[in-house]
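The values are calculated or read from the model by the stated rules, or taken from the named source; none is laboratory data. Predicted, not measured: the structure shown is a model, and the values here were computed from it. Note that each Cβ is placed from the backbone with ideal geometry, even for glycine, and that neighbours are counted across all protein chains shown.
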Amino acid sequence: MLSPMSSARRGILVASALVLTGAVSAWSSPATHPASNPSAAYTLVVSAQTEPTNLQPDAKVNDAAYAIDQNIYNKLVTIDYHYNVVPDTAYKWTVSSNGLNYTFYLHNNIKWSDGVPYTSADVVWTLNHIVKDQGSVAANLPIAKATALNTYTVRVTLKHRDAAFLGFLSWYGTFILPKHIYAGTNWLTNPNNEHPVGTGPFTFQSWTKGQSITLMANKNYFKGAPQVGKVVFTFVPDSSTALQDLLNGSTDIDTNSVPYTQVPGLRKNPKLQVKLITYPDYAYIDPNVQKKPMSDVKFRTALSYAIDRSQVAEKATSGIWPVAEGMYPPVISWAYNKNARLPAYSPSKAEQLLTAAGYKPNAQGVRASVNLVVFNSPPFPDIATLVKDNLAKVGINVNLVELDINTWTQRVGTDHDFDLALLSGFQGPDPDALMGRIGPGGTENNGRFDDPRIDKLLLKGEELTDRAQRAAIYKQVQSLMIQDMPIIPITGDSEPTVAASYVQNLPWTGAEGKVTFDDFSLVTISPH
Amino acid sequence: MVVTVVVVVGLNFLIIHIAPGNPVDIMSGTQAPSPQQVAYLEHYYGLDQPLYVQFWRYVDGLLHGNFGMSISFDQPVSAVVGAHIWATLLLTLAAAILALIIGVVLGTYAAARGEGRVDLALSIVTYLFYAMPVFWLGLLLILAFSSWLHLFPTSGMTNLRESYTGLAYIGDVAYHMVLPVATLTLVQFPIYYRIGKASMMEVLHEDYITTLTATGMHPNRVMFKYALKNAILPTVTIFGLSLGYVITGAALVEIVFGWPGIGQLTLNAVFSRDYTLLMGIYIMTSVSIAVMILLTDVAYSLLDPRIRYS
């Protein structure tokens, strides 16, 4: 009879054998030492920070699903890395002269992954539903109604002229959903959100919760089958771990935010390709113009002289974020006014302005005391600290208030209880986004700034459809913003994205202008 | 225990709702939505009702065994939690048991050896691990054993390029478990070492031990048949209490290793103010702590014949 001790020993032996079996089989897999596989047999592994809660792209804001949705769904029109609107399932579109009627002509050879043909019925259903059920971008799509003119033609009628309509239609929350699966159901709880049927370059295969989502190449994709056979999205919350995963070969693309301090070292590594992707975001100071002294334009202008933007970019972001020179991100180049420049750093000029405006230093050398409310996501606290230091040098005492993003949103966005706020935000895809930040009743206009001259121009910009005319208007807005200082931009936003060198034709390098942000349909793997 | 659970549910509900921010504002992202959108979503999730109505609806659901729908997932809370909880339990139970065994074995060994270099060395090492931040240790282990020595995988629970099944799958998971379990074990075993050692030393000075040794009984027999059973009682208490936290206690390790567990789920739920999911997790944690305390008391009474519950 076996005594208790030796059966435990046997158990340990069995467990060790299991571990070794797993170890050996994992070791001998191609993953750890990728061989020269042709793209079709290759599994592209992409790491992301957050696992999506579900893959429903339109009903609510779903940032975590966005990259995946771009590979399994399509839109009417889409947007490339230069922020140009390009065809997607609609190969052509026309606009009526009154700017209210858009007609989209669809490809006739698109099929859903379950074989059902893609038609105007799907487009009409999706657009009407976004409006009716308050989809995430409903407020940006002033659609009165969408109708099918025939099987492959859709007419969209707007409630009023809106030049930004196409830009928003091409960007986010506008993926066309299968009517035959969603109609008559609750699109928030429909099981298609867990295992989607789509039209995209890849079809959904499986979802291992907490770990990965696997997509297979769609051989019937209407733009041509993708090169890579399989794409796996994996979720690694810690950015240092994600980088190690890339370096160790478990992943091929790292879309987590790479620690900025590591970027110079990564650029020297021949096995990696690092791309700094510049987004149309600005990190800026938002002054609460309803309170003194922020209501004084001379005070605000003095702030713009007092902040050393180069130093902030260098110290807070390791030089990764570009210095802001104007009032709008230059990435959207057609609307950027390069002559509407922020003043060069000059603390002495700032002090002159402050003294002339009546803010004289008291016995302690303090001219004014304000608070600066910032949320605690890096690098914003660091930026805030540097700004505080800059302003102290010109006699403005800054009290830093650091909050988690939700509390911050409550305090700044809802309660408007702040003097200065530090934030960032997407200013695209169309310069009409300025309306939200400095326009009347703008949802991001935390300081509730209002200049009737700017309001009039912004409204005009929404109505016109000719791009050259609109560009002139927005450039004028930027000149007025330099006079008014409603916001004080500090830096732009560039994010380092790292991938293995053997991955070619990425949307951000190699296939720019051909596919949208995270569409991997053109990716090929070179031998390595 | 029923009263405890009721009070816990009520308190948790209140605390979660008092926190600033609400899920609809948050799910709309920093690109603030239109008022119609906010109103629509608040109505859909029942957040426009007064607090006591929301509470009553929730309790009513609970009494029917329904934990409600997660606001961020739009799926039943039980399904969301169920998908993540086994990974956590696998990790934390393995680490808890290993920590207990290693700690007690080392503690007993040190106590038996008495004061000396071995005791000093072990004390220093255990203090080091006890003081170490767990996420730092985790990343260190990744750098050493995965990036530098290529011995173990970097993160995750399974190999993503292959899909193993059956025995190979079990081996793959076990292989991926080594580093995260090691991290958790290393930061937990010092407690068992200290308490095990102190308790054993106390027992070894008892009169009956001296008597047994004087009778010429083999020291190993004295140790394992008589001393250990008494010395292990405080350790059992600690182990039982730590099991109560087995559900949410591994969040940092799960984050560093990308382990698909419930710790990270909880963090995301807090950030998105997903009230129903948070309530579900808190209730589970509270119930598991209450159950573990009960089981610890039972285990204690089984081990110690001086204690009997009527």
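Going through (1) buried (at least 21 other Cβ atoms within 10 Å of the Cβ); (2) over 23 Å from the mean Cα position of the chain (by Cα); (3) within 11 Å of chain A (Cβ to nearest Cβ) one by one, B:A87 falls short only on (2). Do we find a residue being more than 9 Å from chain B (Cβ to nearest Cβ), part of a loop (DSSP other than H, G, I, E, B), closer than 19 Å to A:F175 by Cβ and not β-branched (V, I, T) anywhere in region A:200-207? Checked region A:200-207: at least one residue is more than 9 Å from chain B (Cβ to nearest Cβ), part of a loop (DSSP other than H, G, I, E, B), closer than 19 Å to A:F175 by Cβ and not β-branched (V, I, T). Restricting B:R117, B:R161 to those that are more than 16 Å from B:V187 (Cβ to Cβ) and surrounded by 13 or more Cβ atoms within 10 Å (Cβ to Cβ) reduces the list to B:R161. Note on region B:140-151: among residues that are of a type outside the set (S, T, Y) and crowded, with 19+ Cβ neighbours inside 10 Å, the one that is nearest to the other protein chains (Cβ to nearest Cβ) is B:I142. Every condition in (1) assigned to a helix (DSSP H, G or I); (2) buried (at least 20 other Cβ atoms within 10 Å of the Cβ) is met by A:V131 except one, and the failing one is (2). If you check B:Y52, B:Y45, which single one turns out to be under 18 Å from B:S272 (Cβ atoms) and either facing another protein chain (nearest Cβ under 10 Å) or without any contact (Cβ under 8 Å) to a residue 40 or more places away in the chain (or both)? Going through B:Y52, B:Y45 in turn, just one is under 18 Å from B:S272 (Cβ atoms) and either facing another protein chain (nearest Cβ under 10 Å) or without any contact (Cβ under 8 Å) to a residue 40 or more places away in the chain (or both): B:Y45.
There is no residue in region B:211-227 that is part of a helix (DSSP H, G or I), away from chain A (no Cβ under 13 Å), under 30 Å from B:W86 (Cα atoms) and of a type in the set (S, T, N, Q).
Going by the conditions given, is B:L252 under 30 Å from B:L139 (Cα atoms), in contact with a His (Cβ under 6 Å, 6 or more places away or on another chain) and part of a helix (DSSP H, G or I)? No; evaluated as a whole, the condition is false for this residue.
If you go through region A:345-376 and pick out every residue that is hydroxyl-bearing (S, T, Y) and touching a strand residue (DSSP E or B) at 6+ places or on another chain (Cβ under 9 Å), you end up with 2.
Take B:G82 and decide whether it is more than 8 Å from chain A (Cβ to nearest Cβ), buried (at least 22 other Cβ atoms within 10 Å of the Cβ) and either in a helix (DSSP H, G or I) or at pLDDT below 90 (or both). In short, no.
The sole residue among A:A384, A:A392 that is surrounded by fewer than 18 Cβ atoms within 10 Å (Cβ to Cβ) and either part of a helix (DSSP H, G or I) or in contact with a Phe, Trp or Tyr (Cβ under 6 Å, 6 or more places away or on another chain) (or both) is A:A392.
Hey, among the residues in region B:59-79 that are surrounded by fewer than 20 Cβ atoms within 10 Å (Cβ to Cβ) and part of a helix (DSSP H, G or I), which one's nearest to the other protein chains (Cβ to nearest Cβ)? Across region B:59-79, the extreme among qualifying residues is B:A79.
Scanning region A:457-496 for residues that are modelled with pLDDT of 95 or more and of a type in the set (K, R) gives a single hit, A:K475.
Is it true that A:A313 is out of contact with any strand residue (DSSP E or B) (no Cβ under 6 Å at 6 or more places or on another chain), more than 12 Å from A:I488 (Cα to Cα), crowded, with 19+ Cβ neighbours inside 10 Å and small (G, A, S)? Taking the combined requirement at face value, the residue does not satisfy it.
Of the residues screened, A:G249 is one that is in a loop (DSSP other than H, G, I, E, B) and farther than 30 Å from A:D484 by Cβ. Among the candidates A:A90, A:A59, A:A64, the residue that is within 14 Å of chain B (Cβ to nearest Cβ) and crowded, with 23+ Cβ neighbours inside 10 Å is uniquely A:A59.
Can you confirm whether region A:170-191 contains a residue that is closer than 30 Å to A:P226 by Cα, of a type in the set (G, A, S), touching a residue at least 40 places away in the same chain (Cβ under 8 Å) and within 14 Å of chain B (Cβ to nearest Cβ)? Scanning region A:170-191 turns up at least one residue that is closer than 30 Å to A:P226 by Cα, of a type in the set (G, A, S), touching a residue at least 40 places away in the same chain (Cβ under 8 Å) and within 14 Å of chain B (Cβ to nearest Cβ).
Here is a yes/no grid of residues against (1) more than 14 Å from chain B (Cβ to nearest Cβ); (2) surrounded by fewer than 16 Cβ atoms within 10 Å (Cβ to Cβ); (3) free of Cβ contacts under 8 Å to residues at least 12 places away in the same chain:
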| residue | (1), (2), (3) |
| --- | --- |
| A:G249 | no, no, no |
| A:I253 | no, no, no |
| A:K271 | no, yes, no |
| A:V274 | yes, no, no |
| A:I285 | yes, no, no |
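Of the residues making up region B:103-139, those that are away from chain A (no Cβ under 14 Å), in a helix (DSSP H, G or I) and not aromatic (F, W, Y) number 21. With the condition kept exactly as written, say whether any residue in region A:406-413 is at pLDDT below 90, of a type in the set (G, A, S) and not in a strand (DSSP E or B). Yes; the residues of region A:406-413 include at least one that is at pLDDT below 90, of a type in the set (G, A, S) and not in a strand (DSSP E or B).
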